[in-house]
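The values are calculated or read from the model by the stated rules, or taken from the named source; none is laboratory data. Quick caveat: nothing in here was measured; it's all calculated off a predicted structure. As a convention, Cβ positions derive from the backbone with ideal geometry for all residues, glycine included, and neighbour counts pool all protein chains shown.
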Amino acid sequence: MLGYIVRRVLATIPVMAIVALFVFSLLYIAPGDPAVVIAGDQASLEDIERIRKGLGLDRPFLVRFAEWSLHVVRGDLGKSMFTGLPVTELIGQRIEPTLSLMVVTLILAVVVAVPMGVVAAWRAGSWLDRGFMAFAVAGFSVPVFVVGYLLAYVFALELDWLPVQGYTPLSRGLWPWLENLILPSIALGFVYIALIARITRATMLEVLSQDYIRTARAKGLGERAILFLHALKNAAVPIVTVIGIGVALLIGGAVVTESVFAIPGLGRLTIDAIVRRDYPVIQGIVLMFSFVYVLVNLMVDLIYTALDPRIRY
Amino acid sequence: MNLHTHDAAQPGFAIAAELPDILPPVRERRGVWGFVWRHPTLSIGLAILGVMLLIAIFAPWLGTVDPTALAPVKRTREPGAEFWFGSDAYGRDIYSRVLYGARISLGVGFSVAILASALGLVIGLVSGYLRRVDGIVMRVMDGVMSVPPILLAISLMALTRASVQNVILAITIAEFPRVARLVRGVVLSLREQPYVEAAITAGTSTPRIIVRHILPNTMAPLCVQATYICGSAMIIESILSFIGAGTPPTTPSWGNIMADGRTLWQVKPYIIFFPAIFLSLSVLGINLLGDGLRDALDPRMAKRL
């Protein structure tokens, strides 16, 4: 068991190296000359040359990549071209709101979506099932910021139940913190709920048709115990996989949700960096989130072995 | 000898008496309505998408004005007789912008779907069939897929000029590894099939096996995947434009119209509302089409999802 975990953890190192190489090479993949684009239309030749030097585009790719990876390994993601501050410091200042938003959304989505999928599978073909699945299709079709504005308009502006925008740090109390996160996490969780509910329903349908479920029914076990203990446990692996994969949706969606609800997190940092064409900041954020994503899926793999002892690689 | 005519009965052949109608006749629905009856999801999706396509094609003749014409005097007018969907902060007609926006948004969606499918198909076929390159190609695909698609598109857009072509390229790069993975999976299971082994034994050349025996069987899942990519690309385009990393701000794409309404949303929510409805409906149509296609092409999956 321990040997497997160690092997699995070590296996993520080459994955991270490939991710880092890919994120780094974006500078070279992008069509056109990034230095000219970043400098903008009013830039002089000296400006362009300075930016090219700053990005290291004047030196060979491999040399520059080796240098950059050494810095990344030491936890140095470079400096902002606009403020001159280290990117890690900028990320550190903004990480709390984003992390809060993502964790609250994750919990909310799992708590809502899994029972939804289970009930839909249990009553497959009923109006409840159709309603849930119609909601799931809608969830895939409405962009996160549209849901966000809709929720903010109805529940904050019209009904005045919750604050419209903003963020309160957790250190100022649990409720003020949560109050500001309810609407954003519902908006952000919309697609995620749709995704998890659909997979839960599909796997549960398969599991519920198996013999041991019939046995459980035959011996007089209650429906709730059958659904949530016997069936859900065996449907868990695909569901956990999708929860892991869906974190990519959360990361991308968080950038937009923060913009709608004026949350001063990494999304705001990203958008400011886009406006200023501050590429080192964007690169740092993308790299950090990609690593987070790889680590989340590492955790998912490790959870597998706890859920299904047969799984060994 | 004509066996089908009863009157010319041969000696020794008994003619069966006509069976009485025990079973009620199966009412077979034919034509367009029969298709709609058998594939309701697919039909609704096609209908929505069809309407959006017509809107995109006939935008200039649907009572629109120049979608980029500024009229500061008439800015932020509520929806009414002059401006059906209202006017934005520069006095531009939102109705016209939304209708012309259909061209950009659908154009981006379709282009990405076609490009990503083609690229993913080629890479998936090669990688699934040639073991030597498979390892390397799939590790690279894993690397690309580890970067959340929206962030990948954002960073590419930060490095290039804002243009519709670059948005299409950026979203394609973010989406094609999923197609490659899918195609590779199908190829891996197909190459173990007896008929492929038979073709190999018969001495069929590798390119011919790929084109004649493998490729046709990847088409069904590929079509389904392409529709989902189209929907996802339209959403990513709107998100990119919304946060200022997409098509040039003057281009009337649905994301850009909504980005224009961002600062005014508390007082003039209709600026965001109308493009949002069109975008959501279009993506819904595409997703329904995808679900319908999947059900029609793979009836076993239909029961599950």
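If you go through the stretch B:129-165 and keep only what is outside any loop (DSSP other than H, G, I, E, B), polar (S, T, N, Q) and closer than 15 Å to A:Val23 by Cβ, you end up with just B:Ser155. A:Leu21 meets each of the listed conditions (1) at the interface with chain B (Cβ under 8 Å from one of its Cβ atoms); (2) within 23 Å of B:Gln165 (Cα to Cα); (3) in contact (Cβ under 8 Å) with a residue 24 or more places away in the chain; (4) not aromatic (Phe, Trp, Tyr) apart from (2). Taking the stretch B:153-163 as the range and being crowded, with 24+ Cβ neighbours inside 10 Å and more than 7 Å from every other protein chain (Cβ to nearest Cβ) as the test, the residues that pass are B:Ala153, B:Met157. A:Gly125 meets each of the listed conditions (1) in contact with a helix residue (DSSP H, G or I) (Cβ under 7 Å, 6 or more places away or on another chain); (2) surrounded by fewer than 16 Cβ atoms within 10 Å (Cβ to Cβ); (3) assigned to a loop (DSSP other than H, G, I, E, B) apart from (1). Taken over the stretch B:155-166, the criterion of being of a type outside the set (Lys, Arg) and either more than 22 Å from the chain's Cα centre (by Cα) or modelled with pLDDT of 90 or more (or both) is satisfied by B:Ser155, B:Leu156, B:Met157, B:Ala158, B:Leu159, B:Thr160, B:Ala162.
Tell me, please, whether a residue that is within 30 Å of A:Leu298 (Cα to Cα), in contact (Cβ under 8 Å) with a residue 60 or more places away in the chain and within 25 Å of the chain's Cα centre (by Cα) can be found in the stretch A:65-76.
Going residue by residue through the stretch A:65-76, those that are within 30 Å of A:Leu298 (Cα to Cα) are A:65-76.
Next, from what is left, pick out any that are in contact (Cβ under 8 Å) with a residue 60 or more places away in the chain: A:72.
Then drop every residue that is not within 25 Å of the chain's Cα centre (by Cα), which leaves A:72.
Yes, the stretch A:65-76 contains a residue that is within 30 Å of A:Leu298 (Cα to Cα), in contact (Cβ under 8 Å) with a residue 60 or more places away in the chain and within 25 Å of the chain's Cα centre (by Cα).
Filtering the stretch B:120-151 to residues that are in contact (Cβ under 8 Å) with a residue 40 or more places away in the chain and more than 14 Å from every other protein chain (Cβ to nearest Cβ) leaves B:Gly120, B:Leu121, B:Ile123, B:Gly124, B:Leu125, B:Ser127, B:Gly128, B:Tyr129, B:Asp134.
Taking into account only those residues within the stretch A:241-296 that are among the charged types (D, E, K, R) and either under 21 Å from A:Pro169 (Cα atoms) or more than 8 Å from chain B (Cβ to nearest Cβ) (or both), which is nearest to the chain's Cα centre (by Cα)? For the stretch A:241-296, the residue satisfying everything is A:Glu258.
Within 11 Å of another protein chain (Cβ to nearest Cβ) and in a helix (DSSP H, G or I), is that true of B:Ile168?
Values: within 11 Å of another protein chain (Cβ to nearest Cβ): no; in a helix (DSSP H, G or I): yes.
Judged against the criteria, B:Ile168 is not a match.
Matching residues to (1) over 28 Å from A:Lys233 (Cα atoms); (2) outside any loop (DSSP other than H, G, I, E, B):
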site: A:Ala66; (1), (2): yes, yes
site: A:Val72; (1), (2): yes, yes
site: A:Gly75; (1), (2): yes, no
site: A:Thr83; (1), (2): yes, no
site: A:Ile95; (1), (2): yes, yes
site: A:Ala113; (1), (2): no, yes
site: A:Gly117; (1), (2): no, yes
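Can you name the residue in the stretch B:171-215 that is among the hydroxyl-bearing types (Ser, Thr, Tyr) and more than 14 Å from every other protein chain (Cβ to nearest Cβ) and, of all such residues, is nearest to B:Val108 (Cα to Cα)? Restricting to residues being among the hydroxyl-bearing types (Ser, Thr, Tyr) and more than 14 Å from every other protein chain (Cβ to nearest Cβ), the top hit is B:Ser189. Does B:Cys230 fit the bill of being away from every other protein chain (no Cβ under 11 Å) and surrounded by 24 or more Cβ atoms within 10 Å (Cβ to Cβ)? Here the answer is yes, as B:Cys230 does meet what is asked. Quick check, is A:Ala254 of a type in the set (Gly, Ala, Ser), over 23 Å from A:Asp76 (Cα atoms) and at pLDDT below 85? Against the criterion (of a type in the set (Gly, Ala, Ser), over 23 Å from A:Asp76 (Cα atoms) and at pLDDT below 85), A:Ala254 does not qualify.
In this structure, does A:Tyr28 turn out to be of a type in the set (Phe, Trp, Tyr) and in contact (Cβ under 8 Å) with a residue 60 or more places away in the chain? No, not satisfied. Each residue in the stretch A:171-188 was checked for being touching a helix residue (DSSP H, G or I) at 6+ places or on another chain (Cβ under 8 Å) and not β-branched (Val, Ile, Thr), and 8 of them qualify.
A:Leu21 passes every criterion in (1) over 20 Å from A:Leu195 (Cα atoms); (2) modelled with pLDDT under 80 apart from (2).
When A:Ala194, A:Ala152 are screened for being within 17 Å of the chain's Cα centre (by Cα) and within 13 Å of chain B (Cβ to nearest Cβ), only A:Ala194 passes. Please tell me if B:Ala259 is in a helix (DSSP H, G or I) and either under 20 Å from B:Gly50 (Cα atoms) or at pLDDT 85 or above (or both). Spelling it out, it is not the case that B:Ala259 is in a helix (DSSP H, G or I) and either under 20 Å from B:Gly50 (Cα atoms) or at pLDDT 85 or above (or both). Before we move on, is B:Gly261 in contact with a Gly (Cβ under 8 Å, 6 or more places away or on another chain), closer than 26 Å to B:Arg161 by Cβ and within 11 Å of another protein chain (Cβ to nearest Cβ)? Spelling it out, it is not the case that B:Gly261 is in contact with a Gly (Cβ under 8 Å, 6 or more places away or on another chain), closer than 26 Å to B:Arg161 by Cβ and within 11 Å of another protein chain (Cβ to nearest Cβ).
List the helices (runs of 4 or more DSSP H) inside the stretch A:168-265, counting only whole elements, that have at least 1 residues being among the basic types (Lys, Arg) and free of Cβ contacts under 8 Å to residues at least 60 places away in the same chain.
A:211-218
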